[in-house]
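Here's the structure we're looking at; comments come further down.
The values are calculated or read from the model by the stated rules, or taken from the named source; none is laboratory data. This structure is a prediction, so every number in the text was calculated from the model and none was measured. Note: ideal-geometry Cβ built from the backbone for every residue, glycine included; neighbour counts use all protein chains shown.
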Amino acid sequence: MFDHLVAITTSNVLEDGHMTDISIIGTGNMGSAIAGIAAKGGARVQIVARDLAKAEELAAQVGGTAATFGDALTGAVVVLAVPHAALADIVATYGAQLDGKVVADVTNPVDFATFDGLTVPADTSAAAQLQESVPGARVVKAFNTNFAATLATGEVGGVPSTVVIAGDDEAAKALLTEVVSAGGVVVADAGSLKRARELEALGFLQMVLAVREQIAWTGGFAVRR
């Protein structure tokens, strides 16, 4: 289950021009792509997974270090590039350790039993529920409208890939934007965390189109400026 569990942590740029430590929990496609962006932007990456061998393999690819799930998260930003069902275990494992951190939720709460809707009520979102679970964290929705391949290549059908974010904390969004932009990927700010509901619906629709073979998993929605 946790092969797709990812968290990224970082903070401001140090005097040597590097970001502080970035911790990635998991070795899935999204985690790998986001790790590549972070490393490209100069961040020092830590890969954390239940399977230490997989963590070490990905860490070697991005010039980072490896650790086991449950180890301390050392940075200021935590990116949860995980299946929605994994959020509960992250909250249970890290809980108050997320206080004060920018927590970027990458999940799409899709009902995979029917593949016909989201598992959260219409008046909320996975990101909003996460914020309720870790009230001391600064939750931002991000990356969920991107397929991993478009993050890795930096383009969607010839248009630069754009990471759309939403959150109530302006400083949190600015810090995440700094990390992503440093890695060469465009960021668009959709506003408050209320917009996470629309982002999750868009992410689900994109997945439906890919499953129905209307678009490729290397394609998807693009934001043209």
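Name the residue, out of I8, I37, that is buried (at least 23 other Cβ atoms within 10 Å of the Cβ), modelled with pLDDT of 90 or more and not in a strand (DSSP E or B). When all the criteria are applied, what remains is I37. Scanning the stretch 188-225 for residues that are crowded, with 19+ Cβ neighbours inside 10 Å and aromatic (F, W, Y) gives F204, F221. Here L87, L73 are screened, and the one residue that is hydrophobic (A, V, I, L, M, F, W, C), crowded, with 21+ Cβ neighbours inside 10 Å and within 14 Å of the chain's Cα centre (by Cα) is L87. The residue that is farthest from A201 (Cα to Cα), among those in the stretch 108-160 that are among the aromatic types (F, W, Y) and surrounded by fewer than 19 Cβ atoms within 10 Å (Cβ to Cβ), is F112. Summed over the stretch 99-151, residues that are more than 16 Å from D169 (Cβ to Cβ), among the small types (G, A, S) and at pLDDT below 95 total 2.
So that you can scan it fast, the table gives a plain yes or no per residue for (1) in contact with a strand residue (DSSP E or B) (Cβ under 9 Å, 6 or more places away or on another chain); (2) at pLDDT below 95; (3) farther than 24 Å from Q131 by Cα:
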{"position": "G158", "(1), (2), (3)": "no, yes, yes"}
{"position": "L176", "(1), (2), (3)": "yes, yes, no"}
{"position": "V180", "(1), (2), (3)": "yes, yes, no"}
{"position": "V186", "(1), (2), (3)": "yes, no, yes"}
{"position": "A190", "(1), (2), (3)": "yes, no, no"}
{"position": "E198", "(1), (2), (3)": "yes, no, no"}
{"position": "A201", "(1), (2), (3)": "yes, no, no"}
{"position": "M207", "(1), (2), (3)": "yes, no, yes"}
{"position": "A222", "(1), (2), (3)": "yes, yes, yes"}
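Residues that are out of contact with any Lys or Arg (no Cβ under 8 Å at 6 or more places or on another chain), part of a loop (DSSP other than H, G, I, E, B) and of a type in the set (G, A, S) within the stretch 127-141 comprise just one, G136.
Determine, yes or no, whether D105 is of a type in the set (D, E, K, R), under 23 Å from G70 (Cβ atoms) and crowded, with 24+ Cβ neighbours inside 10 Å. Here the answer is yes, as D105 does meet what is asked.
With respect to the conditions (1) outside any helix (DSSP H, G or I); (2) under 20 Å from A76 (Cα atoms), L175 lacks only one, and its number is (1).
Pairs linking a residue in the stretch 192-212 that is closer than 20 Å to V140 by Cα to a residue that is of a type in the set (D, E) and at pLDDT 95 or above, with Cβ atoms under 7 Å and 6 or more positions apart or on different chains, are S192/D168; L193/D168. Number of residues in the stretch 75-126 that are in a helix (DSSP H, G or I) and aromatic (F, W, Y): the value is 1. N144 falls short on exactly one of the conditions (1) without any contact (Cβ under 8 Å) to a residue 60 or more places away in the chain; (2) under 27 Å from T93 (Cα atoms); (3) not in a loop (DSSP other than H, G, I, E, B), and that condition is (3).
If only residues of the stretch 40-57 that are within 22 Å of Q97 (Cβ to Cβ) and surrounded by fewer than 24 Cβ atoms within 10 Å (Cβ to Cβ) are counted, the one that is modelled with the highest pLDDT is L52.
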